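Worksheet for the structure shown next.
What follows draws every value from the coordinates through simple rules; no lab data is involved. Because the structure is predicted, anything quoted here is derived from the model rather than measured. Reconstructed Cβ throughout: ideal geometry from the backbone, glycine too, with neighbour counts over all protein chains shown.
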Amino acid sequence: MINRRKFIKGAFFTTGALWAASRVKGASISGANPQLPLVISTWAPNVKANAAAWEILSKGGKALDAVEKGVMVPEADPEDTSVGYGGLPDRDGRVTLDACIMDEQGNCGSVMCLEHIMHPISVARQVMEKTPHVVLVGDGALQFALANGFKKENLLTANAEKIWKEWLKESKYDPMDTIKHMKTKRGAGTKDNHDTIGMLAIDKSGNISGACTTSGMAFKMHGRVGDSPIIGAGLYVDNEVGAATATGVGEEVIRICGAHTVVEAMRYGKSPKEACKLAVERMNKLRKNKLEDKQIGFIAVSITGEIGAYALREGFTYTYRLGDGVDVIKSADFLI
Ligand code: SD4
């Protein structure tokens with residue numbers, strides 16, 4: 001099975017390269033690349049999110065619709081403590097959500113520090129489609145969501161509240177110690193050991209889109225925003241090149257404009273994996289000795305359908321489906 005998959009993948013990449021050579025820059029060629037459609041997400045448990053995206057992609061639907069529907073799966077999952085409903089709150093017990101979305105034409109929308117709305121990704125899409133702006137934050141984002149038909153809900157589940165109350169006993173402010181949290185709080189009362197979802201998709205027409213959504217670092221200061229809703233940091237899409245998205249400590253990703261850095265490296269000839277590695281290496285060089293307790297991972301896809309990933313350290317997984325519709329789960333290579 002593994003050999004067959006390797007063989008099929010090799011064949012796809014060759015065909016993908018030929019397809020790329022024949023592709024007019026920036027134009028779409030319907031159904032010509034057997035790699036397509038394609039969806040890739042951060043973290044192994046997001047096979048479920050990919051499946052929802054696939055429903056749309058396999059029927060010839062748009063990548064933009066696919067990534068929105070895909071990331072809505074963990075957003076609505078009460079057992080996912082890193083995204084949407086069920087996400088761990090800030091240190092004041094408030095669940096604040098960050099999300100952004102970007103399409104093949106450079107349209108993008110984002111919400112930051114949004115409370116009480118289960119699907120921040122859909123609000124981000126409406127910011128993109130219904131306003132002349134890119135970002136709405138906090139109360140303004142909530143006001144906009146309510147005015148556009150979203151329902152106000154309590155997103156703090158009993159499980160998340162329990163974990164927060166446990167944390168309150170010591171109240172140690174260490175939201176960025178991701179390594180420890182992977183082993184402790186996320187293990188406590190949750191099934192899966194996973195984080196923020198970043199999803200990238202290319203549809204049958206060859207158009208690419210991405211989405212990223214998170215509840216951010218657990219027990220953060222109220223108002224803290226990470227990379228995930230920042231276009232160019234947590235997510236970037238360019239239909240002539242490809243797309244990238246990030247997970248992990250957002251402050252580190254923001255410092256190097258992570259997702260944009262990955263896409264620019266691909267523009268100048270790096271493969272998706274090489275481009276993700278370049279971003280991680282840059283971060284590590286910039287922040288020598290300050291990353292011991294942190295994890296950061298990138299996934300990327302080129303417009304030709306080649307995929308890649310790279311992380312700062314061991315433990316980052318990602319999952320994808322290519323043209324054949326088979327789920328693949330992988331562990332990313334890492335730097336240190
Ligand atoms: C943040 N990047 O808020 C997000 C969180 C995350 O793995 O991805 N955790 O900084």
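Applying the selection to the stretch 118-152, what residues are touching a helix residue (DSSP H, G or I) at 6+ places or on another chain (Cβ under 8 Å) and among the polar types (S, T, N, Q)?
The initial filter retains those residues of the stretch 118-152 that are touching a helix residue (DSSP H, G or I) at 6+ places or on another chain (Cβ under 8 Å), namely 118-123, 125-127, 131, 133-136, 141, 144-145, 148, 150, 152.
Those that are touching a helix residue (DSSP H, G or I) at 6+ places or on another chain (Cβ under 8 Å) and among the polar types (S, T, N, Q): 122, 126, 131, 148.
Conditions (1) within 16 Å of the ligand (Cβ to nearest atom); (2) touching a residue at least 12 places away in the same chain (Cβ under 8 Å), marked per residue:
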site	(1), (2)
236	yes, yes
239	no, yes
244	yes, yes
247	yes, yes
251	yes, yes
265	no, yes
268	no, no
272	no, yes
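Flag: residue 80 matches the condition of being buried (at least 24 other Cβ atoms within 10 Å of the Cβ), under 21 Å from residue 54 (Cβ atoms) and touching a Gly at 6+ places or on another chain (Cβ under 6 Å). Applying the criterion of being of a type in the set (Gly, Ala, Ser) and part of a loop (DSSP other than H, G, I, E, B) to the residues of the stretch 284-336, the residue that is nearest to residue 52 (Cα to Cα) is 325. Residue 287 meets each of the listed conditions (1) buried (at least 19 other Cβ atoms within 10 Å of the Cβ); (2) more than 25 Å from residue 205 (Cβ to Cβ); (3) touching a residue at least 24 places away in the same chain (Cβ under 8 Å) apart from (1).
Could you please find all residues in the stretch 58-79 being of a type in the set (A, V, I, L, M) and in contact with an Asp or Glu (Cβ under 6 Å, 6 or more places away or on another chain)?
Our first condition is that a residue be of a type in the set (A, V, I, L, M); within the stretch 58-79, this holds for 63-64, 66-67, 71-73, 76.
Selection gives 63, 64.
Quick check on residue 279: is it crowded, with 23+ Cβ neighbours inside 10 Å and either part of a loop (DSSP other than H, G, I, E, B) or in contact (Cβ under 8 Å) with a residue 40 or more places away in the chain (or both)? For residue 279, the condition - crowded, with 23+ Cβ neighbours inside 10 Å and either part of a loop (DSSP other than H, G, I, E, B) or in contact (Cβ under 8 Å) with a residue 40 or more places away in the chain (or both) - is not met.
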